[in-house]
Amino acid sequence: MARLDAHRLGRRLAELVATYDVPGASVAVLADDEVVEAAAGVVNLRTGVATTPDSPFQVQSVTKLWTATLVLQLVDEGKISLDDPVRRHLPRFRTSDEEQSAAITVRHLLTHTGGFEGDLWPDVRDDRRRLGELVDKHVANAPQHLPPGHLYSYCSAGMGVLGRLVEVTLGLSYDAALRRRLAEPLGVRGLAVDAGEALAHRSAIGHLDARAGQPARPLRTWSPMPASNPAAGNTLAMPASGLVALARMHLADGIGPGGLRLLSRESARLMRTPHVAVPASEGARQGLGWRLPVTGVAEHGGDAIGCGAMLRTVPDAGVAVAVLVNGGAMAALVSILCAELLDDLVTLPGPPEVPATTGADPASYVGRYALRNEVSEVTTDAAGRLWLTRTERDEAVATATRAGEVLTPVTVELRRLAGEQFVRVDANGDAAGRVEFVEGGRFLHSGRAAPRV
């Protein structure tokens, strides 16, 4: 990796912020055992306050990596085992399927193979026991779509269950466990777990994109996500350096600042070990917490309305990159900056080539596929082309409304790549991700397995 300096990194970040209409961004890079930080833009278009390297941004689902690390600490201490049934530690744990949920283990939840509905973001009555309410009331009624261990399907609710396991095992709230056992020993500054704490810092707020002649604008609230699942990612915020601090410990196989061991060497490496295949991808695998897009890379991303985060590492090179953004074409900025910083170390899959035709018998895929917060309709037209229309609903709509965003259905064309994988083709004719029909077309998979209904 080419040697970096903060000035050059900041200049490039400012160029990308302007190019991709991102209000503000922050980046931290670990290389040669040194951390370089830079920031550009503003934390809030309404106030015009400049982004600085110590500005906390919401990290959203990168929180799951912190949760997984807490769980592996419990494994190191002999308090739990990866293949323990969850019910051994949380006797009231269950999904809608009593028999199958009894077989769900800690490892299943860490690898997103629990098989139950994952997008549960309910409002809760009592923030002090929000994870308890999530598990006892909402996960208990979650549909069990697949047998445990059968198939990867991204599951935020499963991480909420692990957060509750941490609380019960340690006798601490999730937030307190994260601070005492990870953030404070790692020296993370500027951490906030809610809007009240965020006000104590130069915190970034998410932004809605410009549309219909309106300029980009800040969200109506610092976090429109309900506070029901802090272990999966809804309000945790920190500077980019905080994510790099966690990555640095992992890349040192569990050694933190001052030689303090926070995780065993075996657990740190096991977290980066491939466990299950990820459908609708170009060969990605899932570790324990970490996603492994290609050999030699471990990462975790996060996004919500108006904000995005990425922590990408190359463990063998001792390199980590954290990028945080608060609106605009977030995915493009993150992708380009990470590629530029890591181009001499790794090559990640780019967008797939767009096939010329559907190349399949479309009738066999036509149907309605539904999860709690979205419905996907697969249809065909007179020319034999295959179309996918996604409509968000329930808690997804409620979250958007709190943010000030109006959701509309999105339609893309599907063209076969290989086997049962298809590329989504947007209105401009560009690739917009992949989907895969699995289990003989019983599920439409795009990170989450949506059952055919």
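Here are some notes:
- Verdict on Gly289 being open to solvent by 40 Å² or more (accessible area, probe 1.4 Å), of a type in the set (Gly, Ala, Ser) and part of a loop (DSSP other than H, G, I, E, B): no
- Note on the stretch 400-433: residues that are in a strand (DSSP E or B) and open to solvent by 50 Å² or more (accessible area, probe 1.4 Å) amount to 6.
- Condition met for Gly441 (more than 21 Å from the chain's Cα centre (by Cα), at pLDDT below 95 and closer than 25 Å to Asp119 by Cβ): yes
- Note on the stretch 61-96: residues that are aliphatic (A, V, I, L, M) and touching a Lys or Arg at 6+ places or on another chain (Cβ under 7 Å) total 3.
- Ala309 being farther than 21 Å from His108 by Cα and part of a helix (DSSP H, G or I): no
- Being out of contact with any strand residue (DSSP E or B) (no Cβ under 7 Å at 6 or more places or on another chain) and either more than 11 Å from Val161 (Cα to Cα) or modelled with pLDDT of 95 or more (or both) is a property that Ala140 has.
- Any hit, the stretch 328-341, residues being assigned to a strand (DSSP E or B), at pLDDT 95 or above and in contact with a helix residue (DSSP H, G or I) (Cβ under 8 Å, 6 or more places away or on another chain): no
- Near pairs, Cβ below 8 angstrom, 6+ apart or cross-chain, from the stretch 162-182 (under 15 Å from Lys79 (Cβ atoms) and in a helix (DSSP H, G or I)) to any residue that is open to solvent by 60 Å² or more (accessible area, probe 1.4 Å) and not polar (S, T, N, Q): Thr169/Lys79
- Within the set Asp361, Asp381, Asp316, Asp343, the sole residue that is among the acidic types (Asp, Glu), open to solvent by 20 Å² or more (accessible area, probe 1.4 Å) and in contact (Cβ under 8 Å) with a residue 12 or more places away in the chain turns out to be Asp316.
- Helices (runs of 4 or more DSSP H) lying entirely in the stretch 40-118 (those with 3 or more residues that are surrounded by fewer than 24 Cβ atoms within 10 Å (Cβ to Cβ)): 63-76, 98-101
- Scanning the stretch 11-18 for any residue that is open to solvent by 50 Å² or more (accessible area, probe 1.4 Å), touching a helix residue (DSSP H, G or I) at 6+ places or on another chain (Cβ under 9 Å) and outside any loop (DSSP other than H, G, I, E, B) turns up at least one such residue.
- So Arg261, is it under 30 Å from Thr51 (Cα atoms) and more than 18 Å from the chain's Cα centre (by Cα): no
- The stretch 185-226, subset more than 21 Å from the chain's Cα centre (by Cα) and part of a strand (DSSP E or B), residue surrounded by the fewest Cβ atoms within 10 Å (Cβ to Cβ): Gln214
- Criterion (over 17 Å from Gly447 (Cβ atoms), among the aliphatic types (A, V, I, L, M) and either in contact with a Cys (Cβ under 8 Å, 6 or more places away or on another chain) or modelled with pLDDT under 95 (or both)) met by exactly one of Val124, Val106: Val124
- Residue match in the stretch 378-391 (condition: in contact with a Phe, Trp or Tyr (Cβ under 9 Å, 6 or more places away or on another chain), at pLDDT 90 or above, among the charged types (D, E, K, R) and in a loop (DSSP other than H, G, I, E, B)): yes
- Selection status of Gly328, buried (at least 17 other Cβ atoms within 10 Å of the Cβ) and within 20 Å of the chain's Cα centre (by Cα): yes
- The condition of being within 25 Å of Ser156 (Cα to Cα), modelled with pLDDT of 95 or more and of a type in the set (Ser, Thr, Tyr) does not hold for Ser228.
- Qualifying residues in the stretch 292-313 (those that are β-branched (Val, Ile, Thr) and open to solvent by 10 Å² or more (accessible area, probe 1.4 Å)) - the one nearest to Val161 (Cα to Cα): Ile305
- Residue within the stretch 99-108 that is more than 15 Å from Gly158 (Cβ to Cβ), touching an Asp or Glu at 6+ places or on another chain (Cβ under 6 Å) and not aromatic (Phe, Trp, Tyr) present: no
- The residue that is nearest to Gly206 (Cα to Cα), counting only those in the stretch 231-246 that are in a loop (DSSP other than H, G, I, E, B) and open to solvent by less than 10 Å² (accessible area, probe 1.4 Å), is Asn234.
- Matching residues, the stretch 122-155, being within 16 Å of Asp194 (Cβ to Cβ) and either in contact (Cβ under 8 Å) with a residue 24 or more places away in the chain or open to solvent by less than 30 Å² (accessible area, probe 1.4 Å) (or both): Asp123, Val124, Asp127, Arg128, Arg130, Leu131
- Test: residue in the stretch 213-236 that is touching a Ser or Thr at 6+ places or on another chain (Cβ under 7 Å) and β-branched (Val, Ile, Thr): yes
- Considered as a group, the residues in the stretch 434-444 that are out of contact with any His (no Cβ under 7 Å at 6 or more places or on another chain) and within 16 Å of Pro147 (Cβ to Cβ) include one that is most open to solvent (accessible area, probe 1.4 Å), and that residue is Arg442.
The values are calculated or read from the model by the stated rules, or taken from the named source; none is laboratory data. Given the structure is predicted, the values throughout are model-derived calculations rather than measurements. Note: ideal-geometry Cβ built from the backbone for every residue, glycine included; neighbour counts use all protein chains shown. For the accessible areas, the whole protein counts, side chains as well, though only heavy atoms, and no ligand, DNA or RNA atoms are used. Shrake-Rupley method; radii C 1.70, N 1.55, O 1.52, S 1.80 Å.
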